[in-house]
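A quick write-up on the structure given underneath.
Rule-based calculations on the coordinates, nothing more; no lab input. Here the structure is a predicted model, which is why all the values come from computation and not from measurement. For neighbour counting, all protein chains shown are included, and Cβ atoms are generated from backbone atoms with ideal geometry for every residue, glycine included.
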Ligand code: ADP
C-alpha cells in the first residue's frame, strides 16, 4: 500500500512515499521509497526541488511565484523521469498531512472531509502560514488524485489536546478561554512517537510509564507524559513559549514587550520578528541558530556563544524540572530531534542536574552515536534514551490505521 506524506513548513515542503503491507504494520519504521523536498529560501523567485529514491538523487531549480505548481512538479517526479517509482499516481492510496494547528477540537488523526478542511481554515488565524500551506497541500492532492482518495490530517497539537485544564489554561483573563487563548502545545507527533518507541525499546507498557520527551531541534519543546498522554508541555498558545530555541526566545517576561513598545517604538510585527527570528541562540550568540556553529565559536573563544549555551542549558534543566513536578516522578527521559539526537554535551548537561534522583548517564554510550538506544547505566533510577524521531512514519501509520476503517 502506497502512502504519501506531505509536511508543509513556512520555508520548505517535505514529502515522502511509503510502501507498506496492507495487512501488517512493521514494528520498525521502514525507509520511504521516495523523498521530495522544496526549499525556496535560497533565492527570491526560485525554488529548489530535491528528490531522492533508493537509486537516484536529483536536484533542480524551478521558477517560484506560488506554492501549488511547484508542489505539483515535485509530486510528478514520483511517476515521471529518472526518479519514477510509480507507474501512475492512482497507485497512491492515502495521503497524510502534518497539520500544525488542530485547536482543542482534534485529539486524534482524522480523515479529511469538507468539515475538517473548514476547521483547518478557521484555525489559520492561530497558525496563518502553516495551516494555509496545509490546505494548499490537501487541495493539490485532491486535484491530482481525485476527491475520493483517503486524506488524513495529523495535528501537531492533538497529543496535547487533553491536557488537564490547570496546565492548558493561562492565568490571564477568564474570557481568554472563550477566545481560544489556550496552551495548545506543539511537536505532538514527535512526542507521541518517541514515548511509544521508548516503551517498546524498554519492553514496558506505555500506560505504566512517566516520561519526559525532549524534542530539541531548531524549534524545541518538552512534554510530560503519563498513561500514554501528554499532561504538560512547554510550548503554549504558539510555538514561541517555553525553551530557548534556535531563533526563538522561548518564554520571556511579557512586561519586556510592553517596555519595548513604550520606550523603543516596537509594534506587533517588529516584536514578532525579534522574538521568533532574531532571538534565542542566534540572538544571544550573534553567531548562528545552529548548535554546531555555536560549539565551534565556543572552541574559538567566543564568549557570547558560551553565554548562549549556558542559557540554553539553564532553561532546559529548569523546564525538565517543571515537567518532573507535573509528573510527580520519572521513569524515562528521552532526547530527540537535531540537538537531542546529536549533542552528547547538551544531553550530559541536562542530565547532570538530575543526578540527585539517581539518574546516571553511561558516558561512553552518550558519547557514541546512539540511536534508539538506552544511554543510562543499568543502575540508573531513570532510564535515559536517544530516539530518532519519525514524524513522517507516525503520519503514515495513522493513515494505515484509518484506511482499515473504511
Ligand atoms: P527542525 O526540524 O526543527 O528544523 P532539526 O530537528 O533538524 O530541526 O534540528 C536542527 C538543529 O539540530 C540544527 O540547528 C543544529 O543546531 C542541530 N544539530 C544537528 N546536528 C548536530 C550535531 N551534530 N551537534 C549538535 N547539534 C546538531
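Observations, loosely collected:
- Full extension of the chain between residue 162 and residue 310 yields a length gain of 49.9 nm, computed as 0.36 nm times the residue separation minus the alpha carbon distance.
- Among 122-132, 142-152, the order from most to least packed when residues are scored by Cβ within 10 Å on average: 122-132, 142-152
- Spread of Cα-to-Cα distances over 20 Å intervals beginning at zero, given as percent, for the chain: 25, 59, 16, 0
- Between residue 205 and residue 302, the modelled labels are 5.0 nm apart [label points 7 Å from Cα along Cα→Cβ].
- Spatial offset of the stretch 119-170 relative to the stretch 298-329 amounts to 32 Å, using the alpha carbon center of each.
- Between residue 132 and residue 80, residue separation times 0.36 nm minus the direct Cα-Cα distance comes to 15.9 nm.
- Efficiency of FRET from Cβ geometry, residue 353 and residue 261, R₀ 22 Å, rounded to 0.05: 0.05
- Taking other C-beta atoms within 10 Å as the exposure proxy, 74, 261, 235 rank 261, 74, 235 from fewest upward.
- Between residue 22 and residue 388, the modelled label-to-label distance comes to 3.0 nm, taking each label 7 Å out from Cα in the direction of the beta carbon.
- Length released on extending from residue 373 to residue 125, taking residue separation times 0.36 nm less the Cα-Cα span: 85.3 nm
- Degrees, to the nearest 10: 128-145 long Cα axis against longest axis of the chain: 30 degrees
- Nearest-ten-degree value, helix 303-327 long axis tilted from longest Cα axis of the chain: 90 degrees
- Angle of helix 188-202 to the longest C-alpha principal axis of the chain, folded into 0 to 90 degrees and rounded to 10: 80°.
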